[in-house]
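This report refers to the structure that appears directly beneath it.
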Amino acid sequence: MKKTFLSLLALAAMSTTALAADIKPALVYGTGGKFDKSFNEAAYAGAEAFKKESGTEYRDFEPTSDTQGEQAIRNFASRGFNPVVAVSFAWTSAMEKVAAEYPDTKFVIVDSVVDLKNVRSVVYKEEEGSYLVGLLAGMASKTGKVGFIGGMDIPLIRKFGCGYVQGAKAAKADAQVFQNMVGTTGAAWNDPVRGGELAKNQMDQGADVIYAAAGASGLGVLQTAADNKKMSIGVDSNQNYVHPGSVLTSMVKRVDLAVYNAFKDTKDDKFTAGITALGVKEDGVAYAIDDNNKSLITEDMKKAVEKAKADIIAGTVKVHDYMSDNSCPK
Amino acid sequence: MTTASVSLPGWISYGVIPLLNLLLALFFSGLVVWWIGEDPFEALKFLVQGALGRGDAIGFTLFYATSFIFTGLSVAVAFHAGLFNIGSEGQAYVGGLGAALVALALDRYVPWYVTMPFAILGAAAFGAAWAFIPAWLQAKRGSHIVITTIMFNFIGAALMVYLLVHVLIVPGKMAPETRTFLPGGQLPKLDWLMALFGLKLGPAPFNVSFLIALVMCFLVWLLIWRTKLGYEMRTLGISPSAAVYAGIPYVRTVIIAMLISGGLAGMMSLNAVMGASARLQVEFVAGAGFVGIAVSLMGRSHPVGIVLAAILFGVLYQGGADLSFEMPNITRDMIVVIQGLVILFAGALEYMLRPALVRLYQPFGRT
């Protein structure tokens with residue numbers, strides 16, 4: 001009896017939300033998993049924000065392999081979920097196939113481009129955000145040596161590194177940048193111990209600010225920097241709070257906005273397909289300042305980084321994109 | 001009296017015992033599911049339906065099973081020679097390079113059935129080459145094969161990422177992968193085979209490499225139990241000193257066994273690279289090499305057992321994905337727990353029930 005009552009209640013609750021908004025959004029994460037404190041978690045945060053605001057439930061799925069990712073996207077589409085958002089470039093080919101099979105469903109892919117009429121492709125200008133934090137790193141460094149630790153050695157991560165180097169050199173022309181990657185397999189996103197070891201190694205060479213673009217491995221970098229009274233820079237989500245006073249800033253990539261906007265635009269019937277490239281100008285990438293790192297950023301640094309930001313928006317400073325020619329200017 | 005020496009008829013050792021082990025595993029998995037607040041019977045229904053309920057579900061199950069058959073055979077062949085090859089993962093990864101190079105070179109000029117034999121050779125040759133150095137180190141230097149093959153998995157991953165990021169990548173593309181093969185470099189799907197049973201394959205990537213896997217099962221059976229080389233490998237596996245005393249060349253047998261093992265692992269890439277995604281991707285192996293170890297253990301290193309175990313793991317992979325899709329409470333980590341329980345009961349604890357069954361059976365068996 002109690003159970004029937006409960007299910008009736010649940011049914012009532014569901015039907016009211018169905019009335020409030022007639023969409024069934026779905027979200028497919030990258031293989032890194034939902035709670036990586038970084039990229040995927042930002043997507044999750046965007047979906048949660050939408051749920052909180054609109055009361056609309058969403059479904060999500062964490063694939064463990066490329067085959068499963070395609071299956072998940074297709075499963076959502078075939079069950080009438082709309083829009084279907086997939087974060088990570090790994091789903092590019094899966095989305096090409098599935099989006100063509102379901103032309104009436106709206107799809108969004110983050111970090112890659114799929115050229116179809118019902119797909120919105122959201123890409124970020126990570127090099128611009130990395131340039132800004134690189135500038136801050138160059139100014140904050142006392143030794144003139146800064147470090148970069150990437151996750152898996154793929155073009156996307158080199159794009160982060162390349163922007164960072166340009167920023168650091170803009171601050172100090174003779175700045176030295178050490179670059180290391182955690183690894184070559186997917187495990188590289190989730191190896192904080194190795195991240196910490198690499199950070200230690202760079203510190204031994206004299207680096208005193210280290211930028212980690214390495215998913216959960218980056219947490220090891222942040223930890224090691226805090227333990228050794230050096231500074232670090234977080235990535236994707238705002239990670240300033242992880243070690244207040246040691247994390248100089250974070251290169252925030254607003255994956256949450258991409259997910260949130262996808263859900264909201266579909267709800268408001270304002271969905272548009274095509275490529276959206278989010279840079280500094282669109283607030284798609286940014287450096288983070290909050291109470292946790294206020295004391296680390298001096299007035300001069302703030303002025304310089306705001307000027308750089310304005311210059312990028314105005315187009316007077318052009319940050320080279322590694323992906324455009326698979327190389328980085330020396 | 002010990003029960004270990006009592007022999008049981010085949011239908012008990014190969015039929016009843018694995019079935020009971022599987023039921024035990026399912027029982028404990030059910031407990032776990034119940035404990036996190038979901039209905040275990042409902043979960044089982046989703047798992048079985050998700051893996052076997054529809055044509056495309058069966059297609060996905062068999063697609064996964066195909067990869068596991070190759071890697072399972074790879075582990076089994078080495079195991080018969082007393083070598084524990086943990087490197088199937090890396091050998092399959094590098095094997096993919098062989099298959100992809102053949103496909104990239106030929107797909108513009110010839111149809112798939114011309115490409116296929118070269119791709120098989122390419123995949124096997126690259127996989128075997130990757131097994132050669134650990135094999136040589138084991139045979140000549142006594143470096144333990146478990147350690148060296150594990151290390152070669154990482155070296156293989158580094159090599160492949162380097163090649164995909166620097167050499168084989170399509171310029172300007174985000175994902176580190178080769179271009180998509182034309183139909184001449186793809187293995188066709190087996191929709192006609194499914195149609196024979198009145199099933200629709202749909203989008204499942206079940207392809208010709210399944211048939212190649214079955215042929216390899218037969219060839220492995222032939223090799224191990226019907227050839228001189230197989231006999232030498234088995235002797236070496238049971239007792240290396242006796243084998244050497246009997247005049248079986250240790251170095252040669254170890255190296256050949258590992259080359260065959262690596263070649264079989266390399267052929268796994270036919271399924272994933274040429275059958276499913278039609279291009280070489282980073283990390284396409286996705287753990288199939290390690291699953292091969294479990295498959296080989298469960299299948300008692302016999303091709304028939306390997307096929308059955310591979311299908312079981314295919315069911316767990318495909319059904320598990322469907323289960324976590326239908327029941328969001330059951331996360332992907334829960335699926336790994338369930339797979340682990342199956343390996344524990346059906347693989348590691350395989351003899352747990354044997355003494356009890358022997359006691360039960362003895363009164364009838366003595367007549």
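Compute the signed sum of charges (Lys and Arg +1, Asp and Glu -1) over the other residues within less than 11 Å, Cβ to Cβ, of A:THR184. Could the numbers behind the result be given before it?
Numbers: positive: none; negative: A:ASP153, B:GLU283.
Result for the neighbourhood of A:THR184: -2.
From the P(r) of chain B, can you give the percent of Cα pairs sitting at distances over 38 Å?
Working: 14041 of 67161 pairs.
Value for chain B: 21 percent of Cα pairs lie more than 38 Å apart.
Per residue of B:277-283, count partner chain C-beta atoms within 10 Å of its C-beta, then hand back the mean as an integer. All intermediate terms of the calculation are to be shown ahead of the outcome.
Numbers: counts 5, 1, 1, 0, 3, 8, 9.
Rounded to a whole number, the mean comes out at 4.
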A correct Karplus calculation of ³J(HN,Hα) over the range A:200-211, with 6.51 cos²θ - 1.76 cosθ + 1.60, θ = phi - 60°, whole Hz and x for Gly and Pro, returns 4, 4, 5, 5, 4, 7, x, 5, 10, 9, 10, 9
Placing each pseudo-label 7 Å from Cα in the direction of the beta carbon, B:PHE41 and B:LEU199 end up separated by a distance in nanometres of 2.6
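Taking 8 Å as the Cα distance limit and 6 or more residues as the minimum spacing, I'd like the relative contact order of chain A as a percentage.
Numbers: 721 pairs, mean separation 60.1, N = 330.
About 18 percent, as a whole number.
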Taking placed amide H atoms and a strict 5 Å upper bound, the residues 5 or more places from A:LYS106 or on another chain that come that close are A:VAL84
GNM of chain A, Cα pairs under 10 angstrom: of A:GLN176, A:GLN166, A:GLN205, the biggest fluctuation goes to A:GLN205
Over its alpha-carbon atoms, the range B:84-138 yields an Rg and a Dmax in Å of 12.8, 42
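For B:TYR231 and B:LYS140, what is the calculated FRET efficiency with R₀ set at 30 Å and r taken between the beta-carbons, to the nearest 0.05? Walk me through the numbers on the way to the answer.
Numbers: r = 23 Å, r/R0 = 0.78.
The value I calculate is 0.80.
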The helix A:126-140 Cα axis meets the longest alpha-carbon principal axis of chain A at an angle in degrees, between 0 and 90 and rounded to 10, of 30
Loop-resident trypsin sites (Lys or Arg not before Pro) in the range A:192-253 with no more than 14 other Cβ atoms inside 10 Å, DSSP not H/G/I/E/B, are A:LYS229
Site B:VAL110, offset 7 angstrom along Cα→Cβ, radius 19 Å on amide nitrogen, limited to the range B:252-274, gives B:267, B:270-271, B:274
Residues meeting the amide H criterion for A:ALA213 (H placed from the backbone, H to H distance under 5 Å, 5 or more places apart or on another chain) are A:ILE149, A:GLY150, A:GLY151
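How big, in percent, is the set of alpha carbon pairs in the range B:82-176 lying more than 22 Å apart? Present the calculation step by step, with values, prior to reporting the outcome.
Details: 1722 of 4465 pairs.
So the portion of pairs separated by more than 22 Å is 39 percent.
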One checks the Cα atoms of the range A:139-261 and finds Rg and Dmax, in Å, of 13.4, 44
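Count, for each residue of B:168-176, the Cβ atoms from other chains sitting within 10 Å of its Cβ, then give me the mean as a whole number. Could the numbers behind the result be given before it?
On the way: counts 0, 3, 0, 5, 6, 7, 13, 11, 6.
That average works out to 6.
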Kirkwood-based Rg/Rh on the Cα set of the range B:1-99 evaluates to 1.08
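Which value, to two decimals, describes the C-alpha radius of gyration of chain A once divided by 2.2 N^0.38 Å? Intermediate results must be reported in sequence, preceding the final value.
On the way: Rg = 20.9 Å, N = 330, 2.2 N^0.38 = 19.9 Å.
Dividing the Cα Rg of chain A by 2.2 N^0.38 Å gives 1.05.
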Note, B:MET327: beta-carbon cut-off 12 Å, +1 each Lys/Arg, -1 each Asp/Glu, net -2
Karplus ³J(HN,Hα) for the range B:279-285 (6.51 cos²θ - 1.76 cosθ + 1.60, θ = phi - 60°; Hz, whole; x = Gly/Pro) runs 6, 8, 10, 5, 6, 5, 5
Given unit charges at Cβ for Lys, Arg (+) and Asp, Glu (-), the dipole magnitude of the range B:61-287 about its Cα centre in debye, nearest 20, is 260
Each residue of B:202-208 has, on average, a number of other protein chain C-beta atoms within 10 Å of its C-beta equal to 2
Neighbours of B:SER67 by Cβ distance under 15 Å: Lys/Arg at +1, Asp/Glu at -1, summed charge -3
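When every alpha-carbon pair in the protein assembly as shown is counted, what percent end up more than 33 Å apart?
Numbers: 132112 of 242556 pairs.
Percent of Cα pairs beyond 33 Å in the protein assembly as shown: 54.
Could the peptides B:325-337, B:247-259, A:129-141 be put in order, highest first, of the mean number of other beta-carbon atoms found within 10 Å of their residues?
Per-residue Cβ counts within 10 Å, averaged per peptide and sorted highest first, yield A:129-141, B:247-259, B:325-337.
In whole Å and largest first, what semi-axes does the C-alpha gyration tensor of the range B:129-222 yield when each eigenvalue is scaled by 5 and square-rooted? Walk me through the intermediate numbers first.
Numbers: eigenvalues 227, 129, 20 Å².
Ellipsoid semi-axes (Å, largest first): 34, 25, 10.
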Here the range B:248-258 yields Karplus 3J(HN,Hα) values (6.51, -1.76, 1.60; θ = phi - 60°; whole Hz; Gly and Pro given as x) of 7, x, 5, 4, 4, 5, 4, 5, 5, 4, 6
Flagged as over-length at 30 Å C-alpha distance, from A:LYS37/A:LYS267; A:LYS253/B:LYS173; A:LYS34/A:LYS142; A:LYS37/A:LYS159; A:LYS34/B:LYS189, the pairs are A:LYS34/A:LYS142; A:LYS34/B:LYS189
Highest mean packing first, using Cβ neighbours within 10 angstrom, the peptides A:152-160, A:85-93, B:162-170, A:28-36 sort as A:85-93, A:152-160, A:28-36, B:162-170
With Cα springs under 10 Å, the Gaussian network model of chain B assigns the largest mean-square fluctuation among B:ARG179, B:ARG226, B:ARG279 to B:ARG226
If each part is reduced to its alpha-carbon centroid, the range B:45-92 and the range B:293-358 end up apart, in Å, by 11
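Readers should treat all values here as calculations from the given coordinates under stated rules, not as data from a laboratory. As the structure is a prediction and not an experimental result, all values here were calculated from the model. Every residue, glycine as well, gets a Cβ built from its backbone with ideal geometry; the counts of neighbours run over all protein chains shown.
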